[in-house]
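Colleague: One structure, pasted below without further comment.
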Amino acid sequence: MFEIPVWDLLSSYSGDSKELEFKWEIPDWFYGEFNFTKPLELKIKIIWLDNWVDVVIEKLSTAVRYWDVIKFINVENVDREFRSHFDPLNPDDIKYISKNGWTIDLKDIIKEEILIQCID
């Protein structure tokens, strides 16, 4: 559901980017930890930088039910990396570009950001 093709950026020049904006109704079963009570609004900018893709979540907005409490989620300007090659010496929380279709998957990043907001 959250897989974004990036093959066009990978075949372009370093520094090339694209912006995407979505509004989705997310089914209750999609994430086990919480359920969406409002559509998920997501605006991202994807930038190709030599051997990785930088994803800036410019806006993530929704409402979720977490432990029977409604939480309103508003996240802006979160930066995440997707690398093209695995580096065992890099301890950072980095995701990888799928070479099967040249996509990035935002599912885990969205889940992490929502859970961070629910716990705060």
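Colleague: Tell me which residues, restricted to region 99-120, are over 14 Å from L42 (Cα atoms) and either touching a residue at least 60 places away in the same chain (Cβ under 8 Å) or of a type in the set (A, V, I, L, M, F, W, C) (or both).
Modeller: G101, W102, T103, I104, L115, I116, C118, I119
Colleague: Right, here's the next one. May I ask you to verify whether D8 is among the charged types (D, E, K, R), part of a loop (DSSP other than H, G, I, E, B) and either over 17 Å from E112 (Cβ atoms) or more than 17 Å from the chain's Cα centre (by Cα) (or both)? Working first, answer last.
Modeller: Working: among the charged types (D, E, K, R): yes; part of a loop (DSSP other than H, G, I, E, B): no; either over 17 Å from E112 (Cβ atoms) or more than 17 Å from the chain's Cα centre (by Cα) (or both): yes.
It is false that D8 is among the charged types (D, E, K, R), part of a loop (DSSP other than H, G, I, E, B) and either over 17 Å from E112 (Cβ atoms) or more than 17 Å from the chain's Cα centre (by Cα) (or both).
Colleague: For D28, only one of the following conditions fails: (1) within 17 Å of K71 (Cα to Cα); (2) modelled with pLDDT under 95; (3) surrounded by 14 or more Cβ atoms within 10 Å (Cβ to Cβ). What is its number?
Modeller: (3)
Colleague: Ok, one more. Considering only residues that are out of contact with any helix residue (DSSP H, G or I) (no Cβ under 8 Å at 6 or more places or on another chain), outside any strand (DSSP E or B) and either over 14 Å from D16 (Cα atoms) or charged (D, E, K, R) (or both), which ones fall in region 29-57?
Modeller: Those that are out of contact with any helix residue (DSSP H, G or I) (no Cβ under 8 Å at 6 or more places or on another chain), outside any strand (DSSP E or B) and either over 14 Å from D16 (Cα atoms) or charged (D, E, K, R) (or both): W29, F30, G32, T37, K38, P39, D50.
Colleague: Something else: Would you call Y13 closer than 30 Å to D68 by Cα and not β-branched (V, I, T)? Break it down into steps so the answer makes sense when it comes.
Modeller: Numbers: closer than 30 Å to D68 by Cα: no; not β-branched (V, I, T): yes.
No.
Colleague: If I filter region 96-118 down to residues being closer than 29 Å to S11 by Cα and over 10 Å from the mean Cα position of the chain (by Cα), which single residue comes out as surrounded by the most Cβ atoms within 10 Å (Cβ to Cβ)?
Modeller: The selected residue is I97.
Colleague: Okay, moving on. For region 32-49, how many residues meet the condition of being surrounded by fewer than 17 Cβ atoms within 10 Å (Cβ to Cβ), out of contact with any strand residue (DSSP E or B) (no Cβ under 6 Å at 6 or more places or on another chain) and touching a residue at least 12 places away in the same chain (Cβ under 8 Å)?
Modeller: Here the count works out to 2.
Colleague: So F22 fits all but one of (1) in a strand (DSSP E or B); (2) aromatic (F, W, Y); (3) within 18 Å of D68 (Cβ to Cβ); what number is the exception?
Modeller: All conditions pass for F22, except number (3).
Colleague: Output yes when any residue across region 13-21 is surrounded by 15 or more Cβ atoms within 10 Å (Cβ to Cβ), closer than 23 Å to I94 by Cβ, within 14 Å of the chain's Cα centre (by Cα) and charged (D, E, K, R), and no when none is. Let's see the steps before the verdict.
Modeller: So the first thing to find is which residues in region 13-21 are surrounded by 15 or more Cβ atoms within 10 Å (Cβ to Cβ), and the list is none.
No, because not a single residue in region 13-21 is surrounded by 15 or more Cβ atoms within 10 Å (Cβ to Cβ), closer than 23 Å to I94 by Cβ, within 14 Å of the chain's Cα centre (by Cα) and charged (D, E, K, R).
Colleague: If I filter region 50-88 down to residues being aromatic (F, W, Y) and surrounded by 14 or more Cβ atoms within 10 Å (Cβ to Cβ), which single residue comes out as farthest from G15 (Cα to Cα)?
Modeller: Residues of region 50-88 aromatic (F, W, Y): 52, 66-67, 72, 82, 86.
After this cut, where a residue has to be surrounded by 14 or more Cβ atoms within 10 Å (Cβ to Cβ) as well, the list is 52, 66, 82.
Working: W52: 11, Y66: 38, F82: 15 Å.
It comes out as Y66.
The values are calculated or read from the model by the stated rules, or taken from the named source; none is laboratory data. This is a predicted model, so every value here is computed, not measured. Ideal geometry is used to build each Cβ from the backbone, glycine not excepted, and the neighbour counts take in all protein chains shown.
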